[in-house]
Amino acid sequence: MKNNLGSRIKELRRERGLTQSFVAKELGYKHSSIVSEIESGKKSISTEKLVKLARIFNVDINIFFDEKVHKTRTKIV
């Protein structure tokens, strides 16, 4: 089964030209491998970190869960 949340995180990160190292640092992780594991579905991400991630990507948090929002790439204004 495909990890939709991890795939969306990876896609949004790449669209914004951000590295795993940058995202890891912003989320308070010591190693970028944690972001890689989240994107591949090997590790879960806390709600608190997901909220931070939405802010980093400048998106509504629903983009991670709602297929319709994901397809339209709605941004916070």
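Results for (1) surrounded by fewer than 16 Cβ atoms within 10 Å (Cβ to Cβ); (2) at pLDDT below 95; (3) assigned to a helix (DSSP H, G or I), shown as yes or no for each residue.
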| position | (1), (2), (3) |
| --- | --- |
| Leu12 | no, no, yes |
| Ser21 | yes, no, yes |
| Tyr29 | no, no, no |
| Val35 | no, no, yes |
| Glu39 | no, no, yes |
| Lys43 | yes, no, no |
| Val51 | yes, no, yes |
| Ala54 | no, no, yes |
| Lys71 | yes, yes, yes |
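The set of residues from segment 6-15 being more than 12 Å from Val35 (Cα to Cα) and touching a helix residue (DSSP H, G or I) at 6+ places or on another chain (Cβ under 6 Å) comprises Arg8, Leu12. Of the residues making up segment 1-21, those that are under 8 Å from the mean Cα position of the chain (by Cα) and either of a type in the set (A, V, I, L, M) or on the phi > 0 side of the Ramachandran plot (or both) number 3.
Of the residues making up segment 20-49, those that are under 14 Å from Asn3 (Cβ atoms) and free of Cβ contacts under 8 Å to residues at least 40 places away in the same chain number 10.
The values are calculated or read from the model by the stated rules, or taken from the named source; none is laboratory data. These numbers were taken from a predicted model, which means no experiment stands behind them. Don't worry about glycine lacking a Cβ; one is built from the backbone with ideal geometry, like all the others, and counts go over all protein chains shown.
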